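Engineer: Before anything else, here's the structure in question.
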Amino acid sequence: MFYIKAPTGQVSLHVLEKCILARLEYLQLLYQAKAHEFDGNFEYLLENSVYDKIGHFSLRLLASVSHDLCNYWIVRETLLFQNRLHHILPRQLYRLLRRIVCQLRLLADTKKLINRTLIDICIFLSNQSVFKHIVSKDHKKNCNCFHTKVRFELVPDLIKERKLNLNAGYAIVYCSKWKEILSSLFSTYMTTELISMKSKAKHTINHDARFDYLYQKIYYKIFKKNYGHGRVTIDNIDIESKNFPLCMQHLHKKLRNTHRLSHYARLHYSLFLKESGMVLQDAISYWKEEYSKPHSCSSLCSHHWQSNERKFVYSIRHLYGLEGSRKNYKSPNCEFMCTNFSSPMYEGGCPFKNFDINIVKKLLSSSLSDDQVTKLLNITSPQNPQIACAEYFKILDQRNSDNIVINSPLQYYLTMVNAEH
Ligand code: SF4
C-alpha cells in the first residue's frame, strides 16, 4: 500500500490498461464517498498484489508529467492509503512499517529529508512498546504518551489544519496521530517522487506510443468533464457555430474565408473549441483542412500546413495538455477578450467592444432580421459589451433567459446548447 519499489517483469498492454482504469474508477468513487458503488474487477485492487502495484506505478508515471493529473491523482491515492490504513491489522501494519524502512534503506537517496523522516517515523512506530501501545484497543484518540517530531515542511496539510503543535521548525507528533502522520508523509513522498521523475517520465511517454496512448486516454477520461460537455465536432462545426457568441462566430467565418488566423486569434479560438467539446483528432483535422488551402488574407502569411505540420500538431497537442508543461489551458473570458486587443493584425476581440459598427452589423445580419439588428445596435455600447451580448443571446434563445449574464464565450455557448458548465 505504501509502495516504494516498482514491480519487475512483463505485462501486456491490455492488462496494464485494465489495472489503470480500474484503479482510476475506484479512486474517483472513493473520493466521492461512493466506493461501495464500484462494480469493476477487484482483482486489480488487491492490496500488495502485482496488479495493484502496476496500477499505482503506472499512474505515478503518467501523473508526473502533468500538473493537473498530479494534483488529481495524489489526493485520491492518499485517500486510498488512508482508507487501507484504517482497516489494517496489527501484523500487517508492523510488516508495512518494517518494509518501508528496509526498502528506503536500499535506495541511494536515503539522505533525502522525506526518506530519512519516513525511516525515523517507521522505526519509532515499530518500536515494541510504541507499537503495542498504538494497536491496543484502549489507545485513546488524543493520547500523548509517546511522541516524536518531524520537520514542519513535510506535513503541510497537518500544519494547515492545525493538527500538530510546532516547536522550533518541528511538528510534534503524538502517538494518537500515527495514521495522520503516515498519510501526510505518504502524500509528501508521492509529491517528491513525481517531481523527481518528471523529466524521465516525459521522455518515456513522448517516445513510447503505448504510454502516450494511455496518457491521452486517462487525461480525457478525467478532464473531459471540465471541457463542459460541448458538442462541437469537425462534421457539425459550421452548423454549431450558429450557437457561438459573436466573437467566436467571427473567428470561425474568418478562418473559413481566409484560411488563416493570426497567432492570438488562433490560440483563443482553439481553446474555445477544445472546451466546447472538440476532440484532439478533430482539432488537428479542422486546422489542417484550412491551413492546407492557400491563404486569402491581406497579410504575407507564410504558414502552410504541409511545410509546418509537425509544428502545428505539436502546438495543438500542447493546447490539449499533451506536450510541454501539459497544462489544462482555459479559453479566455469576456474581460480578457475585450481588453487584450493585441495588434492591428489581430482578428479577435469582442465585436461589441472592439469592432467597427459596420462589421458588427454585417456579423449580426447573418442571424438576425434588419429590425432586430437595428434594435440591438441601439443598445450596443463599448462600455457594456456584455449587455449587448446578453441581448443577442436572448433574441436567439428560445427559452426564458431574461436573467442571463454573459461572462465568457464558452459560458455563452454552453448555456445556448443547454450544456452543463
Ligand atoms: Fe464574446 Fe464576451 Fe463579447 Fe459576447 S461579450 S461577444 S462572449 S467577448
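The values are calculated or read from the model by the stated rules, or taken from the named source; none is laboratory data. Quick caveat, the model's predicted, so the values are computed rather than measured. FYI the Cβ positions are ideal-geometry reconstructions off the backbone, even for glycines, and counts take in every protein chain you see.
Engineer: Out of everything in the stretch 386-421 that is without any contact (Cβ under 8 Å) to a residue 40 or more places away in the chain and among the hydroxyl-bearing types (Ser, Thr, Tyr), what residue ends up being nearest to the ligand (Cβ to nearest atom)?
Structural biologist: Thr415
Engineer: Now for a separate question. Can you pull out the residues in the stretch 133-149 that are without any contact (Cβ under 8 Å) to a residue 40 or more places away in the chain and among the β-branched types (Val, Ile, Thr)?
Structural biologist: If the condition is that a residue be without any contact (Cβ under 8 Å) to a residue 40 or more places away in the chain and among the β-branched types (Val, Ile, Thr), then Thr148 is the only one that fits.
Engineer: Also, quick follow-up: Regarding the stretch 216-228, can at least one residue be identified that is at pLDDT below 85 and assigned to a loop (DSSP other than H, G, I, E, B)?
Structural biologist: yes
Engineer: List pairs: first residue in the stretch 37-60 and farther than 10 Å from Pro7 by Cα, second residue β-branched (Val, Ile, Thr) and assigned to a helix (DSSP H, G or I) anywhere in the structure, Cβ distance under 8 angstrom, at least six positions apart or on different chains.
Structural biologist: Gly55/Ile20; Ser58/Ile20; Leu59/Ile20; Leu59/Ile218
Engineer: So how many residues does the stretch 95-120 have that are more than 17 Å from Glu153 (Cα to Cα) and touching a Ser or Thr at 6+ places or on another chain (Cβ under 8 Å)?
Structural biologist: Residues meeting the conditions: 4.
Engineer: Is it the case that some residue within the stretch 3-14 is in a helix (DSSP H, G or I) and of a type in the set (Lys, Arg)?
Structural biologist: no
Engineer: In this structure, is Gln383 away from the ligand (no atom under 14 Å from the Cβ), assigned by TED's automatic domain parsing to the domain that holds Phe272 and outside any helix (DSSP H, G or I)?
Structural biologist: So Gln383 does not fit the description; no.
Engineer: When you go through (1) buried (at least 21 other Cβ atoms within 10 Å of the Cβ); (2) modelled with pLDDT of 95 or more; (3) within 16 Å of Met416 (Cβ to Cβ) one by one for Val232, which number turns out not to apply?
Structural biologist: (2)
Engineer: Restricting attention to the stretch 40-87, and to residues there that are small (Gly, Ala, Ser) and outside any helix (DSSP H, G or I), which single residue is nearest to the chain's Cα centre (by Cα)?
Structural biologist: Per the stated criteria, the residue is Ser66.
Engineer: Turning to a different aspect of this structure: Looking at Gly349, Gly324, can you tell me which residue is of a type outside the set (D, E, K, R), within 16 Å of the ligand (Cβ to nearest atom) and on the phi > 0 side of the Ramachandran plot?
Structural biologist: Going through Gly349, Gly324 in turn, the sole match is Gly349.
Engineer: In the list Ser296, Ser366, Ser331, which residue meets the criterion of being loosely packed, with under 12 Cβ neighbours inside 10 Å, within 15 Å of the ligand (Cβ to nearest atom) and within 26 Å of Ile239 (Cβ to Cβ)?
Structural biologist: Result: Ser366 is the single residue among Ser296, Ser366, Ser331 that is loosely packed, with under 12 Cβ neighbours inside 10 Å, within 15 Å of the ligand (Cβ to nearest atom) and within 26 Å of Ile239 (Cβ to Cβ).
Engineer: Looking only at residues that are modelled with pLDDT under 95 and part of a loop (DSSP other than H, G, I, E, B) in the stretch 245-278, which one is surrounded by the fewest Cβ atoms within 10 Å (Cβ to Cβ)?
Structural biologist: By that ranking, first place goes to Ser262.
Engineer: If you check Val173 against the conditions, is it on the phi < 0 side of the Ramachandran plot, touching a residue at least 40 places away in the same chain (Cβ under 8 Å) and not assigned by TED's automatic domain parsing to the domain that holds Ile20?
Structural biologist: Yes: the conditions hold for Val173.
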